[in-house]
Every structure is written in C-alpha cells, then in structure tokens.
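Accompanying notes for the structure given below.
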Amino acid sequence: MRRSLVAGLTLAAFAALIIGLGQLLGLDLQAVALLGAALGGVLGLVPHRFPLGKLGGFVLGFVVAWVGYALRAAVLPDSATGRAVAAFLVVAVIATACAVSAERVPLWSGLLGAAAIAGAYEEVYTNAPSQFLKESPTAATTILLAAALGYLATTLVAEGVGAGAAREGRRVRRADDDVPNDQIDVLLAGETK
C-alpha cells in the first residue's frame with residue numbers, strides 16, 4: 001500500500017512537472033502530460049526479468065507504430081481499410097519481434113509503446129495526414145519526454161523504497177514475489193503454460 005501511494009504521488013508530481021516544463025520551454029506538453037506520465041509509470045512499475053527488454057519493447061512498439069503512420073500517409077488509403085491494414089501490420093510486427101526475442105522483450109511493453117504514439121498523434125494525424133513529416137516528430141518527442149519522466153518517477157520510487165528497506169534490514173515485498181516473472185508475462189500475454 002505504501003509503495004503504491006508513494007509511486008502515485010511521485011507520478012502526480014512528475015505529471016505536474018511535465019506541464020510546467022512544457023510551459024517553460026514553449027512545448028505543448030499539456031496535451032500529453034497525463035498520458036505520457038501514466039504510460040511511463042506503467043513501464044516502470046510492471047516487473048520483468050529483463051529490464052532492458054521492457055524498455056526495448058516500448059521503443060520497438062513506438063517506432064513500429066510511427067512507421068505505421070508513415071505507411072498510412074504515404075501508401076495506404078485514408079479509409080477504414082487503410083487504418084485496419086496499418087493497425088494489423090503494427091501489432092503483427094510487434095508480436096512477431098517479441099516472439100522472436102524468446103520473451104526477453106515482453107509483448108505488453110511493445111503495445112504500450114504503440115499506444116504512446118497513437119495516443120499522442122492519432123488526432124493530429126486524422127486532422128492533417130499530409131503533415132506527417134512536420135507534425136509527427138513533435139508528437140513523438142513530446143510523448144517520449146513525458147513517458148521518460150513517468151518512467152523516471154516510478155523507477156526512483158522503486159529504487160528508493162528498496163534502498164530504504166535494505167538499510168533497515170528488511171525485505172521489500174514486490175508485486176512479483178508470489179508469481180515468477182515468466183508466469184506474469186505469460187498471464188499478460190494471455191497464454192497458458
């Protein structure tokens with residue numbers, strides 16, 4: 001309970017910081033502050049036995065979804081069929097890459113990365129598909145900054161709680177203590193062992 005409260009309050013402070021930082025730097029971070037902080041927070045909080053794997057999955061999903069927008073803008077029709085083909089390709093590529101990684105890269109983190117760019121850019125893309133080259137880098141950098149700060153917030157909390165417990169000579173109960181990480185990944189992937 002304490003860890004959730006501390007993580008949540010730290011994440012809330014970082015979400016406010018993201019908005020303030022955007023105001024200070026003249027960036028439009030207000031629109032993606034909560035989305036980015038929440039996605040980064042989830043990425044930091046969900047345990048995985050390969051920490052770089054979950055970060056790699058996020059980046060993979062983000063890049064694949066961004067390429068999906070490029071395909072939509074360049075070659076796919078601006079219709080439900082074009083959107084469906086792009087969505088299928090994005091999820092299929094992410095799933096295939098995660099499967100090939102022998103579960104070092106979890107599917108959930110790849111989907112989280114795809115959701116980040118989709119949440120930050122879909123409305124902008126829908127309003128002006130021809131402006132992909134101009135508008136998508138702005139959406140990508142703002143959501144990545146917000147997600148990075150959200151990830152940093154939850155990672156700092158996790159490290160701080162663990163370090164404090166170690167100094168006191170007690171073990172911190174983690175969310176994954178009852179279930180091995182590979183079983184959590186299988187559960188999140190919807191598979192059975």
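Key figures
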item	result
Three-way shape call for the range 73-114 based on the alpha-carbon gyration tensor, with the a/c threshold at 1.5	prolate
Inter-site label distance for THR96 and ALA74 at 7 Å from Cα along Cβ, in nm	1.7
Modelled label reach - ARG83, point 7 Å along Cα→Cβ, the range 126-146 residues with backbone N closer than 14 Å	126-129
Relative packing of 123-132, 100-109, which averages over residues the other C-beta atoms within 10 Å, highest first	100-109, 123-132
Prolate/oblate/rounded label for the range 85-160 (Cα gyration tensor, a/c 1.5)	oblate
Estimated FRET transfer efficiency (SER4, GLU159; beta-carbon r; R0 22 Å; 0.05)	0.90
Phi-based couplings in Hz for the range 112-127 (Karplus 6.51, -1.76, 1.60; Gly and Pro marked x)	4, x, 5, 5, 4, 6, 5, x, 7, 10, 4, 5, 4, 4, 4, 6
Residue (of GLY53, PRO77, ALA115) at the positive-pole extreme of the range 19-124, dipole from beta-carbon charges	GLY53
Additional length obtainable on full extension of the chain from GLN23 to VAL67, 0.36 nm per residue less Cα span	12.9 nm
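None of the figures in this text is laboratory data; all of them are computed from the coordinates on show. Just so it is clear, the structure is predicted and the values come from calculations on it, not from any experiment. Because the Cβ atoms are built from the backbone with ideal geometry, glycine has one as well, and the counts that use them run over all protein chains shown.
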